[in-house]
Amino acid sequence: KNISINERLVVISNHQFALDFMVLTCALPFSFRHLAKAEEVRGWRAPLAACTGHFAVDVENGKAKYGLGHVAVDTCARVLIHDNLLIFPQGKIVAENNLIANDFRTGAMRTAQLAMEKMAHSSVSILPVAIKYQRDPQQATSLSRFAARLGLRSFDGVTNYGAIVTIGKRIRISALPNDVKEATQTLRIEIQV
């Protein structure tokens with residue numbers, strides 16, 4: 001009920017694992033492109049990234065490299081004009097799922113504002129999404145427990161037995177504060193799980 005296909009959407013979500021985009025691909029009934037860190041889509045991963053809708057920017061410590069922030073935002077806005085867009089506003093994986101205010105970057109909001117300027121008669125909304133992984137073996141299905149015994153559920157030393165994806169209500173860009181930092185913190189609260 002919270003999904004609209006009549007407007008461009010910037011999907012924002014918390015980021016706990018490198019494969020979060022796959023969880024969202026299964027949970028959302030529409031296609032999207034995905035912003036990724038350039039080093040994550042080089043070499044043998046490049047063809048896989050292209051097939052899964054990734055495009056990349058150079059980042060450092062969770063944000064665009066010094067002096068390249070405007071390039072990253074412009075690239076994201078150009079993608080958003082043609083397709084929905086997934087951005088993890090923390091800019092990095094936070095396995096503990098701590099949504100700390102200082103970790104959230106303003107790029108998603110700046111991208112949406114720029115795309116709105118470039119798209120004369122279209123609207124852009126933010127779709128907040130929260131991923132919560134099931135880590136308690138008692139909550140696992142039989143198939144999940146079997147997969148865990150085979151080592152198929154363990155990534156980076158953490159075993160997951162499934163995920164719950166909560167899709168929030170979409171928020172029109174015009175309903176958010178004009179200040180990108182203030183708007184970004186509003187969005188952080190919306191994806192708090």
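The values are calculated or read from the model by the stated rules, or taken from the named source; none is laboratory data. Here the structure is a predicted model, which is why all the values come from computation and not from measurement. Methodologically, a virtual Cβ is constructed for each residue, glycine included, from the backbone with ideal geometry; neighbour enumeration extends over all protein chains shown.
In segment 169-183, the residue that is modelled with the lowest pLDDT out of those that are under 19 Å from the mean Cα position of the chain (by Cα), of a type in the set (A, V, I, L, M, F, W, C) and assigned to a helix (DSSP H, G or I) is Ile173. Considering only segment 149-168, how many residues are modelled with pLDDT under 85 and in contact with a Pro (Cβ under 7 Å, 6 or more places away or on another chain)? Counting residues in segment 149-168 that are modelled with pLDDT under 85 and in contact with a Pro (Cβ under 7 Å, 6 or more places away or on another chain) gives 1.
Any residue that is more than 20 Å from the chain's Cα centre (by Cα), closer than 19 Å to Ile3 by Cα, modelled with pLDDT under 90 and not basic (Lys, Arg) - is there at least one of those in segment 107-126? So far as segment 107-126 goes, yes, one or more of its residues are more than 20 Å from the chain's Cα centre (by Cα), closer than 19 Å to Ile3 by Cα, modelled with pLDDT under 90 and not basic (Lys, Arg).
Can you tell me which residue is nearest to Ala64 (Cα to Cα) among those in segment 18-35 that are modelled with pLDDT of 85 or more and touching a helix residue (DSSP H, G or I) at 6+ places or on another chain (Cβ under 9 Å)? In this case the residue turns out to be Leu35. Scan segment 71-100 for residues that are surrounded by fewer than 22 Cβ atoms within 10 Å (Cβ to Cβ), β-branched (Val, Ile, Thr) and within 13 Å of the chain's Cα centre (by Cα) and the total you get is 2. Looking at segment 82-127, which of its residues are out of contact with any strand residue (DSSP E or B) (no Cβ under 7 Å at 6 or more places or on another chain), among the charged types (D, E, K, R) and not in a helix (DSSP H, G or I)? Lys92, Glu96, listed by residue number.
What's the number of the only condition in (1) within 28 Å of Ser123 (Cα to Cα); (2) within 17 Å of the chain's Cα centre (by Cα) that Leu68 fails to meet? Just one mismatch for Leu68, condition (2).
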